[in-house]
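My structure is below; once you've seen it, I'll send some questions.
What follows draws every value from the coordinates through simple rules; no lab data is involved. All values derive from a computational prediction rather than experimental measurement. Cβ placement follows ideal geometry from the backbone for every residue including glycine, while neighbour counts extend to all protein chains displayed.
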Amino acid sequence: MPTRSRTSAWFAAARQPRILGLLLILLVAAGICVRLGAWQLDRAVERSERAALRAAEARADTAPVPLDDVVRPQTGFTQAMVGRSVEVAGEFVQGAAQYLVPEADPAGEPGGLVLAAFRVGEGAGEGAILPVVRGRLDADPADLGALAFRLSPGGDLAAPPGNVRLMGVLAGSEAAQSASGSDGTLGSISPGQLANLWGSPIYGGYLRVLEVQPAQTASLDPAPAPAVRRGGLPLQNLAYAVQWWIFGGFAVAVWLRLVRDEGRRLRE
Amino acid sequence: MTALPPTRASIDAGRARAAFARYRVMAFVTGGMLLLLTLEMVLKYVFHAGGVDAAGDPEPVIGSWVAFAHGWIYVVYLVTVFDLWSRMRWGASRILVMVAAGVVPVLSFVIEPRAARWVDTDLRAAQA
């Protein structure tokens, strides 16, 4: 047998029908492993979302309780408070600006949440500011500047004056974003940031209003359910996904080694 | 052509024996862990020995760490299998059997003595 170079022997070995057949089998095996890894990840995400959703639903289904029973102003807002159904009496602060928080609806329709300052008028939180999402407005983000006028006092979307009773679900603070509120919009709902705009004491979470008594006339859709922040990915599923990828790589390594041995055999 | 591939001569016997020793340890550990995992699966899914959670999914009995541990031990086992297999320059069928031995209950205890014979036979042939 003539002496062949390492590379050409490798390719000659790799082209053998038996080796190609093995490659096919091992690639299918590797593909299945990679797919199984992805499936494990999907399952991990799905599982943690389902668990968080179930917990929030269970809390929202209960009859509203006084706000005082759930959270007090200037105290930490915990994940267990998210989705709690509460009611509270007080009035919208007429001197405080309303803001629009851009948020597309689940169908991708642009729009924003109307955020207002609500002064609690009863119980332990009397006098404190509760950030309140009055509802959702379908609007093009490009027109948000013009909407600031409608949201200001005297505009058709101004917060109603006088005492009202709100019913809704609590939602947690979002990370403050850089948007300053100077153009009438805010990038997120962060009570820490709102305290600078509206003053304190302020609650650590906010209320998404489902019902106002007496009824509002403004043309706002009810705010959608607060986004459920999902818990961390179950580590176990993540580890399984990694394992499947390792197995996939293993199949490829086995093939490369087989070709190498075969090539060495051909050379000798 | 001889019956045995000529590359056998290039097997490093000392390293191959060391690789076999590592494989052997992992074969026992993986086999034992797999038996524990099988027991857990039967108790959990067949007998629902741990009860079910609110969503109706069976709860673990011995603990969910068993499957987790087996997964990673199996990864280490595969590393030792690959090491031994490539040092011995065996063919595809032998690695398939050894890979399967880590996931089919009891099979690792059957394959381990067989692999010992493979190693002995091939190393003797290489020295001859």
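Using the Cα centre as the reference, give the magnitude of the dipole from point charges on the C-beta atoms of the range B:13-127 (Lys, Arg: +1; Asp, Glu: -1; all else neutral), rounded to the nearest 20 debye.
About 860 debye.
Dipole of the protein assembly as shown (Lys/Arg Cβ +1, Asp/Glu Cβ -1, origin at the Cα centre): which of A:V132, A:W245, A:L266 lies farthest to the positive side?
Looking along the dipole axis, the top candidate is A:L266.
In square nanometres, what is one fourth of the surface area of the convex hull spanned by the alpha carbons of chain A?
Values: hull surface 81.3 nm².
Orientation-averaged projected area of the Cα hull: 20.3 nm².
Between helix A:17-60 and chain A, what is the angle of the helix's C-alpha long axis to the longest principal axis, kept within 0 to 90° and rounded to the nearest 10?
Long axis of A:17-60 versus the principal axis of chain A: about 20 degrees.
Per-residue Cβ counts within 10 Å, from other chains only, averaged over B:65-75: what number is that? Don't jump to the answer; show the numbers that get you there.
Working: counts 1, 0, 2, 5, 0, 0, 8, 4, 0, 3, 6.
That works out to 3 on average.
Cut-off 17 Å, label point 7 angstrom out along Cα-to-Cβ of A:Q236: give me the residues of the range B:63-100 whose amide nitrogen falls inside.
B:63-74
Same structure again: I'd like the Kirkwood hydrodynamic radius of the range A:83-213, using the inverse of the mean 1/r over distinct C-alpha pairs, in Å.
For the range A:83-213, inverting the mean 1/r across all distinct Cα pairs yields 14.7 Å.
Can you pull the mean other chain C-beta count within 10 Å for peptide B:83-95?
On the way: counts 0, 0, 3, 7, 0, 0, 6, 3, 5, 10, 0, 0, 5.
What the average comes to for B:83-95 is 3.
Here's a follow-up. Can you tell me the dipole magnitude for the protein assembly as shown around its Cα centre, using point charges on the Cβ only (Lys, Arg +1; Asp, Glu -1), in Debye to the nearest 20? Working shown, then result.
Numbers: 37 positive and 34 negative charges, 729 e Å.
That gives a dipole near 3500 debye.
Using the Karplus equation 6.51 cos²θ - 1.76 cosθ + 1.60 (θ = phi - 60°), what ³J(HN,Hα) coupling, rounded to whole Hz, does each residue of the range B:75-84 give in order, writing x for Gly and Pro?
So the Karplus estimates, Gly and Pro as x, are 4, 5, 4, 4, 4, 5, 4, 4, 4, 4 Hz.
While we're looking at this one, here's another question. Between A:M167 and A:A55, what is the label-point separation in nm under the 7 Å Cα-to-beta-carbon projection?
Each label point lies 7 Å from its Cα, and together they span 2.6 nm.
Using Cα atoms only, what is the angle between the long axis of helix A:235-267 and the major principal axis of chain A, expressed in degrees (0 to 90) to the nearest 10?
Between the helix axis and the principal axis of chain A, the angle is about 20 degrees.
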